[in-house]
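The values are calculated or read from the model by the stated rules, or taken from the named source; none is laboratory data. These numbers were taken from a predicted model, which means no experiment stands behind them. FYI the Cβ positions are ideal-geometry reconstructions off the backbone, even for glycines, and counts take in every protein chain you see. Just the protein is used for accessible areas: all its heavy atoms, side chains included, with ligands, DNA and RNA removed. Shrake-Rupley method; radii C 1.70, N 1.55, O 1.52, S 1.80 Å.
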Amino acid sequence: MEKRQIPIDGEMNAVVEYDESFRFLFSQDDLSEYNKGFVNWHRQPTIEISVVCEGAVNVYVLQQEQTVTAGDGFITMPGFLHSIRPAPGHDAARYFTLIFHPEILYGFRGSYFDKAYYRPVADRNTPLFLLRKEDAWTQEVFCELSQVAEHCPDTSPAFRLKTQHILQDVWALFASALPAPETVRTPPNTRRILELVAYLHEHYAEKFSLAALAESVSMSRSECCRYFRRMMNMTITEYLLEYRLTKAAALLEASGLSITEIAGRTGFCDVSYFIKMFRQKTGITPKAYSAIYGH
């Protein structure tokens, strides 16, 4: 069985496959089922409302990191790079997510509901909102979200209409409970970080050159390192290692190549180092991984 991974395009947008007539998806997630145990970096054109069912997760949304434990939830707004990982000290990381296009809330851009309920939230330029179980208003929200989760993947017109009503009710409660913003945030400029990530994705199989990476976005090497860490909550080296291991895992699942060939194709000059890092990240050797998940 292949490990799960969010498919992304060249600009790190999630490739979301849903019925265009009702742009909604339900996802039941256990991070242990994902490649290397976490949801890879991506951004999406949809809203994601997640509820943690067991254990805890760490949510990374550009310059933020939040730990969300069982019984709590979080809302990820459209267009922001994010990743989800198990929280240290917890044995499990299970949650469900309702993924939907904002049009389900407001119908069409410029509508009354867009102006009254969606735009006031979207215009805050806040990528992540937390839903805490100790807040009285969230109990109704979690109850309604669970109703949808229990009946998925029902695609009947009646269920879809009920789902739309529930999402609108949840959003109205959420928007009404938000405190007035002190200031409107300026959204982070993600152009450079996307260019840096795109460069790493294009050249991951080659010997890494920090100078070439920094030059590709007209930054000094030190500035490039600081900026990348600030935006991604990890170093360039850490991200490149994870990406190389992700590519290696895909080859182990499907290619039939030898461990040595896979190491070379994914930027590892030393096979022993590749095996060591793969085992460190996944808990098993590349050979064992191939035996379990390979075709």
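The figures follow:
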| quantity | calculated |
| --- | --- |
| Enumeration of residues in segment 229-244 that are farther than 18 Å from Glu195 by Cβ, among the charged types (D, E, K, R) and surrounded by 14 or more Cβ atoms within 10 Å (Cβ to Cβ) | Glu242, Arg244 |
| Looking only at segment 4-23, and only at residues there that are in contact (Cβ under 8 Å) with a residue 40 or more places away in the chain and loosely packed, with under 11 Cβ neighbours inside 10 Å, the one that is farthest from Phe108 (Cα to Cα) | Gly10 |
| Filtered residues of segment 51-73 (kept if farther than 14 Å from Asn233 by Cβ and touching an Asp or Glu at 6+ places or on another chain (Cβ under 8 Å)) | Val51, Val52, Gly55, Ala70 |
| Sole exception among (1) more than 21 Å from His203 (Cα to Cα); (2) open to solvent by 40 Å² or more (accessible area, probe 1.4 Å); (3) under 23 Å from the mean Cα position of the chain (by Cα) for Lys247, by number | (1) |
| Leading residue by the ranking (nearest to Asp169 (Cα to Cα)) among those in segment 114-132 that are out of contact with any Lys or Arg (no Cβ under 7 Å at 6 or more places or on another chain), open to solvent by 30 Å² or more (accessible area, probe 1.4 Å) and touching a residue at least 12 places away in the same chain (Cβ under 8 Å) | Tyr117 |
| Residue tally, condition surrounded by fewer than 13 Cβ atoms within 10 Å (Cβ to Cβ), assigned to a loop (DSSP other than H, G, I, E, B) and modelled with pLDDT of 90 or more, over segment 133-163 | 3 |
| Candidates Pro45, Pro78 - the one that is under 22 Å from Ala198 (Cα atoms), open to solvent by 10 Å² or more (accessible area, probe 1.4 Å), at pLDDT below 90 and not hydroxyl-bearing (Ser, Thr, Tyr) | Pro45 |
| One residue from Ala205, Ala172, Ala249 being closer than 30 Å to Ile262 by Cβ, in a helix (DSSP H, G or I) and among the hydrophobic types (A, V, I, L, M, F, W, C) | Ala249 |
| Test for Arg226: is it open to solvent by 80 Å² or more (accessible area, probe 1.4 Å), more than 26 Å from Val141 (Cβ to Cβ), touching a residue at least 40 places away in the same chain (Cβ under 8 Å) and part of a helix (DSSP H, G or I) | no |
| Within segment 251-295, tally of residues that are open to solvent by less than 60 Å² (accessible area, probe 1.4 Å), under 24 Å from the mean Cα position of the chain (by Cα) and in contact (Cβ under 8 Å) with a residue 40 or more places away in the chain | 6 |
| Cross-chain or 6+ apart pairs with Cβ under 9 Å, segment 169-191 first and within 19 Å of Ile47 (Cβ to Cβ), then of a type in the set (Asp, Glu) and modelled with pLDDT of 70 or more | Asp169/Glu140; Asp169/Glu144; Val170/Glu140; Val170/Glu144; Leu173/Glu140; Leu173/Glu144; Ala177/Asp135; Pro181/Asp123 |
| Some residue of segment 16-29 being over 19 Å from Ala56 (Cα atoms) and under 14 Å from the mean Cα position of the chain (by Cα) | yes |
| Candidates Gln5, Gln44, filtered to the one that is out of contact with any helix residue (DSSP H, G or I) (no Cβ under 7 Å at 6 or more places or on another chain) and either under 18 Å from Met232 (Cβ atoms) or not hydrophobic (A, V, I, L, M, F, W, C) (or both) | Gln44 |
| Residue in segment 259-282 that is of a type in the set (Phe, Trp, Tyr), in a helix (DSSP H, G or I) and under 27 Å from His82 (Cβ atoms) present | yes |
| Test set (1) open to solvent by 10 Å² or more (accessible area, probe 1.4 Å); (2) under 17 Å from the mean Cα position of the chain (by Cα) - Ala92 fails condition number | (2) |
| Meets criteria (assigned to a helix (DSSP H, G or I), more than 20 Å from Ser27 (Cβ to Cβ) and not small (Gly, Ala, Ser)) for Pro181 | no |
| Which numbered condition Phe228 misses (of (1) modelled with pLDDT of 95 or more; (2) under 20 Å from Leu62 (Cβ atoms)) | (1) |
